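> The structure is given below, and queries will be raised subsequently.
The values are calculated or read from the model by the stated rules, or taken from the named source; none is laboratory data. Small disclaimer: the values here were computed from a predicted structure and weren't measured. Here the Cβ positions follow ideal geometry from the backbone for every residue, glycine too, while neighbour counts run over all protein chains shown. When the accessible area is computed, the model is the full protein with side chains, heavy atoms only, and any ligands, DNA or RNA have been set aside. Shrake-Rupley method; radii C 1.70, N 1.55, O 1.52, S 1.80 Å.
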Amino acid sequence: MTLLDRDVIAVSDLSDDEIQALLRLAREFAGPEGRPTPRNELADRIVACLFFEPSTRTRLSFESAAHRLGARVIGFSSPAATSFAKGETLSDTIRTVSHYADLIVLRHPKDGSARLAAELSEVPVVNAGDGSHSHPTQSLVDFFTIGDERGTTTNNNVVLLGDLRFGRTTHSLATLLSRFGNKVTCVSPPGLEMPEGVIEECARHGRRPDQTNDLVGALADADVLYVTRIQKERFADPAEYLKYAGSYRIDDDILRHAEADLTILHPLPRVGEIDHAVDRRPGAAWFRQARNGVPVRMALLTSILKETPQILTEATR
Ligand code: NCD
């Protein structure tokens, strides 16, 4: 069982044991303060971050993770300054960059683009979000954070709220949660439900998620509320987006229906779905979740690029 030289395109590319090993390694990197110290495991490596879509946390935490491991980073944060602007295809870009780096981190607006890139690349590809399909590294961060905040990654009652149709983070997270014996309840505006394919995948590997419009009812026995924004950029017609904008908002009023220790997560950016007054609740964990992006991605990068991560102690191996 090794992640050496492997692509990570979906959470289904990782076995349960591999996921647990990654989380343990991330825990070691995070240290007691959640702030990884600089290391040099990847001092001889180059990581390419190719972002064809906007990103703050994913790109910067990947870059920070690579730097904290001593790797060098090349890439771009927007395709506008690359040959994409001249009409170059993703395939040709990947074929080229795979000669310039030891690993490619790719974010791209098309579903399936990361799998295509992995087929063409000479070096491992990590999916940092492909259209509305999947975002496996965010889900590992979310899963790690649930373990941190709740003390366990199993038997949690997790409510996923928002645009579950286009929200790629919820697709990979739902399957991960189901695989590890958590109860998932999907709450979305009508028309933005979780795709049937994701529900089926969850059911195949664990418990079938519940689907409801009743947020208040779902909150009553929730351990974790995972909020997402409406994915504006995925709507072909802006009028269609406007139908959903502002259709749900988490505030102290609605949270009276939840346990006081409810953990609230959001992959961010938030654009109005969470009232800023909610930040004061002890369970408001989205910035800790964003912080966890670095150690989790350090664990992933080092596992793909190094035979046996030096940091692994006997206890965690
Ligand atoms: C998410 C994404 O890009 O899918 N953000 C992230 O990676 N942290 C969520 C979103 O954009 O809504």
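Condition check ((1) under 28 Å from Asn155 (Cβ atoms); (2) modelled with pLDDT under 95; (3) within 16 Å of the ligand (Cβ to nearest atom); (4) exposed (fewer than 13 other Cβ atoms within 10 Å of the Cβ)) across all residues:
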site: Leu192; (1), (2), (3), (4): yes, no, yes, no
site: His205; (1), (2), (3), (4): yes, yes, no, no
site: Gln211; (1), (2), (3), (4): yes, no, no, no
site: Glu273; (1), (2), (3), (4): yes, no, yes, no
site: Asp279; (1), (2), (3), (4): yes, no, no, yes
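> If you go through region 44-62, how many residues are more than 16 Å from the ligand (Cβ to nearest atom) and within 18 Å of Ala114 (Cβ to Cβ)? Show your work before the answer.
First, the residues of region 44-62 that are more than 16 Å from the ligand (Cβ to nearest atom): 44-48.
Filter once more, so that each one left must be within 18 Å of Ala114 (Cβ to Cβ): 47-48.
Count: 2.
> From the residues in region 4-21 that are of a type in the set (A, V, I, L, M, F, W, C) and in a helix (DSSP H, G or I), which one is most open to solvent (accessible area, probe 1.4 Å)? Can you show your working first?
So the first thing to find is which residues in region 4-21 are of a type in the set (A, V, I, L, M, F, W, C), and the list is 4, 8-11, 14, 19, 21.
Checking which are in a helix (DSSP H, G or I) leaves us with 11, 19, 21.
On the way: Val11: 7, Ile19: 0, Ala21: 26 Å².
Here the answer is Ala21.
> Another question about this same structure. Can you name every residue in region 204-214 that is assigned to a helix (DSSP H, G or I) and in contact with a helix residue (DSSP H, G or I) (Cβ under 7 Å, 6 or more places away or on another chain)?
Quick first cut of region 204-214, residues assigned to a helix (DSSP H, G or I) only: 204-205.
The answer is His205, and nothing else.
> Taking the conditions exactly as written (within 24 Å of the chain's Cα centre (by Cα) and farther than 30 Å from Pro36 by Cα), does Arg229 satisfy them or not? Don't jump to the end; show me each part of the working.
Working: within 24 Å of the chain's Cα centre (by Cα): yes; farther than 30 Å from Pro36 by Cα: no.
When the stated conditions are applied, Arg229 does not pass them.
> Now for a different question. Could you grab me the full set of residues in region 25-71 that are among the polar types (S, T, N, Q) and out of contact with any Gly (no Cβ under 9 Å at 6 or more places or on another chain)? Explain how you work it out, then say what you get.
Initial filter on region 25-71 (among the polar types (S, T, N, Q)): 37, 40, 55-56, 58, 61, 64.
Answer for region 25-71, where residues must be among the polar types (S, T, N, Q) and out of contact with any Gly (no Cβ under 9 Å at 6 or more places or on another chain): just Thr56.
> Same structure, new question: Answer yes or no: is there a residue in region 24-43 that is within 16 Å of the ligand (Cβ to nearest atom), aliphatic (A, V, I, L, M), within 24 Å of Pro267 (Cα to Cα) and open to solvent by less than 40 Å² (accessible area, probe 1.4 Å). Don't jump to the end; show me each part of the working.
Going through region 24-43, the residues within 16 Å of the ligand (Cβ to nearest atom) turn out to be none.
The answer is no; no qualifying residue exists.
> Now a separate question. Using the structure shown, decide if Ser178 is closer than 23 Å to Glu63 by Cβ, open to solvent by less than 10 Å² (accessible area, probe 1.4 Å) and not in a loop (DSSP other than H, G, I, E, B). Walk me through how you get there before you give the answer.
On the way: closer than 23 Å to Glu63 by Cβ: no; open to solvent by less than 10 Å² (accessible area, probe 1.4 Å): yes; not in a loop (DSSP other than H, G, I, E, B): yes.
No.
> So in region 194-203, with the set limited to residues that are in contact (Cβ under 8 Å) with a residue 12 or more places away in the chain and in a helix (DSSP H, G or I), which one is most open to solvent (accessible area, probe 1.4 Å)? Explain how you work it out, then say what you get.
From region 194-203, those in contact (Cβ under 8 Å) with a residue 12 or more places away in the chain are 194-195, 198-199, 201-203; that's our starting set.
Now drop any that are not in a helix (DSSP H, G or I), which leaves 198-199, 201-203.
Working: Val198: 21, Ile199: 2, Glu201: 52, Cys202: 0, Ala203: 31 Å².
Within region 194-203, the match that is most open to solvent (accessible area, probe 1.4 Å) is Glu201.
> Same structure again: Going by what's in this entry, would Arg204 be described as over 29 Å from Ser15 (Cβ atoms) and basic (Lys, Arg)?
Values: over 29 Å from Ser15 (Cβ atoms): no; basic (Lys, Arg): yes.
Spelling it out, it is not the case that Arg204 is over 29 Å from Ser15 (Cβ atoms) and basic (Lys, Arg).
Yes/no matrix, rows are residues, columns are (1) farther than 21 Å from Asp5 by Cα; (2) open to solvent by less than 50 Å² (accessible area, probe 1.4 Å); (3) in contact (Cβ under 8 Å) with a residue 40 or more places away in the chain:
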site: Phe52; (1), (2), (3): yes, yes, yes
site: His67; (1), (2), (3): no, no, no
site: Ala71; (1), (2), (3): no, yes, yes
site: Ile74; (1), (2), (3): no, no, no
site: Ala85; (1), (2), (3): yes, no, no
site: Glu88; (1), (2), (3): yes, no, no
site: Thr96; (1), (2), (3): no, no, no
site: His99; (1), (2), (3): no, no, no
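> Also, quick follow-up: So, of the residues in region 222-267 that are within 16 Å of the ligand (Cβ to nearest atom) and of a type in the set (Lys, Arg), which turns out to be nearest to Ala174 (Cα to Cα)?
Pass one, region 222-267, residues within 16 Å of the ligand (Cβ to nearest atom): 225-235, 241, 244-250, 264-267.
Still in the list and also of a type in the set (Lys, Arg): 229, 232, 234, 249.
Working: Arg229: 16, Lys232: 21, Arg234: 20, Arg249: 21 Å.
Here the residue is Arg229.
> Test Leu103 against the criterion of being touching a residue at least 12 places away in the same chain (Cβ under 8 Å), under 20 Å from Gly293 (Cβ atoms), touching a helix residue (DSSP H, G or I) at 6+ places or on another chain (Cβ under 7 Å) and buried (at least 18 other Cβ atoms within 10 Å of the Cβ), and give yes or no.
On the way: touching a residue at least 12 places away in the same chain (Cβ under 8 Å): yes; under 20 Å from Gly293 (Cβ atoms): yes; touching a helix residue (DSSP H, G or I) at 6+ places or on another chain (Cβ under 7 Å): yes; buried (at least 18 other Cβ atoms within 10 Å of the Cβ): yes.
So Leu103 passes the test.
> Now for a separate question. Would it be correct to say that Thr56 is under 30 Å from Ile146 (Cβ atoms) and open to solvent by 60 Å² or more (accessible area, probe 1.4 Å)? Please lay out each step first, then the result.
Values: under 30 Å from Ile146 (Cβ atoms): yes; open to solvent by 60 Å² or more (accessible area, probe 1.4 Å): yes.
Here the answer is yes, as Thr56 does meet what is asked.
> Right, another one. Criterion first (among the polar types (S, T, N, Q), within 16 Å of the ligand (Cβ to nearest atom) and at pLDDT 95 or above) does Ser77 satisfy it?
Working: among the polar types (S, T, N, Q): yes; within 16 Å of the ligand (Cβ to nearest atom): yes; at pLDDT 95 or above: yes.
Against the criterion (among the polar types (S, T, N, Q), within 16 Å of the ligand (Cβ to nearest atom) and at pLDDT 95 or above), Ser77 qualifies.
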